[in-house]
Amino acid sequence: MTPHNEAKVGDIAPNILLPGDPLRAKFIAENYLENVVQYNTVRGMLGFTGTYKGVPVSVQGTGMGIPSISIYVNELITTYGCKNLIRVGSAGAVHEDIHVRDIVLGTAASTTSGVNKDRFNGKDYAAVADFDLALAAHLAAEKLGYTLHKGPVLSSDLFYDDDPKFYEKWAKYGILGVEMEAAGLYTLALKYRVRALTLVTISDHIVTGESTTPEERQNTFTQMMEVALEALASISGDSK
């Protein structure tokens, strides 16, 4: 066990989905996995292991923000041996041609967080997704007939920014959406030489003001879930 997870070594699969919302973790486990066992309830961050098309898959809630996801990802990799990690979260769109409920594959993650500035003595660090896992998700989406927007995202430390136009320069430089965790996930995955990817469903539109409800964010972002699960099943099969 770790300070934040009561699972025993072996309880968590090498392939894992990481929703911020623990209730989304519960939804995924109940609706997509077979032979499900719940392994964690510490701090309400629910974790489950089952199988998807015969492939062992876990799903673990991580909370909001880089500090929170970094705790779980550190422990999942170093204690529990996770190798393929996909964040399945939500994001705010910053372009009018990306709409609510669209899916964004985060190829890289810029950030307003100071975490990597601390790590690298004030220098920049390129936090990027794993190519093989991104390709697996791309092919899975094609197979399912779903459209993915592919490009960089912004991992922000602020949900409520004092500057209502903060997103404009980020959008000008190619950022597709704003979320809060990808940069932390990618940095740790690169450090420990495992695969990581961020898939986010657009839950709200920063430009137009359109948004979804908490229940919709929890239970209805199913296309993203299916792409992630198919990607994990595919890459697990390729590595056998």
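None of the figures in this text is laboratory data; all of them are computed from the coordinates on show. Predicted model only: the values in this text are computed from it and were never measured. Neighbour counts run over all protein chains shown; Cβ positions are idealised from the backbone, glycine included.
The fewest-to-most ranking of Tyr167, Tyr160 by surrounding Cβ atoms within 10 Å reads Tyr160, Tyr167.
About its Cα centre, what dipole magnitude does the chain give when the only charges are +1 on Lys and Arg Cβ and -1 on Asp and Glu Cβ, stated in debye to the nearest 20?
780
In order along the range 85-93, phi translates into HN-Hα couplings of 10, 10, 6, 10, x, 10, 8, x, 7 Hz, rounded to whole numbers, per the Karplus curve 6.51 cos²θ - 1.76 cosθ + 1.60 with θ = phi - 60° and x for Gly and Pro. For the chain, the mean residue ellipticity at 222 nm estimated from helices alone is -10500 deg cm²/dmol, where every DSSP H run of n ≥ 4 contributes -39500 (n - 2.57) and the total is divided by all residues, rounded to the nearest 500.
What separates the Cα centres of the range 1-73 and the range 80-106 is a distance of 18 Å.
Can you tell me the equivalent ellipsoid semi-axes for the range 15-238? Use √(5λ) from the Cα gyration tensor, largest first, whole Å. Don't skip to the end; give the middle numbers.
On the way: eigenvalues 125, 79, 57 Å².
So the three semi-axes of the range 15-238 are 25, 20, 17 Å.
Once the Cα atoms of helix 182-192 and of the chain are each reduced to a long axis, what angle between those two axes, in degrees from 0 to 90 to the nearest 10, is obtained? Helix 182-192 sits at roughly 50 degrees to that axis.
Relative contact order for the chain: 26 percent, from Cα pairs under 8 Å spaced at least 6 residues apart, divided by residue count. Sequentially through the range 201-212, phi angles give Karplus couplings (6.51, -1.76, 1.60; θ = phi - 60°) of 9, 5, 9, 8, 10, 5, 7, 8, x, 5, 8, 10 Hz, Gly and Pro residues having no value and appearing as x. Sort the range 114-186 into rounded, prolate or oblate with this rule: let a ≥ b ≥ c be the square roots of the eigenvalues of the Cα gyration tensor; rounded if a/c is under 1.5, and if a/c is not under 1.5, prolate when a/b is larger than b/c, oblate otherwise. Oblate, since a/c reaches 1.5 and b/c is not below a/b.
Once a ≥ b ≥ c are taken as the square roots of the eigenvalues of the Cα gyration tensor of the range 144-240, is the result rounded (a/c under 1.5), prolate (a/b larger than b/c) or oblate (a/b not larger than b/c)? Can you show the working numbers first?
On the way: a/c = 2.16, a/b = 1.42, b/c = 1.52.
The shape class here is oblate.
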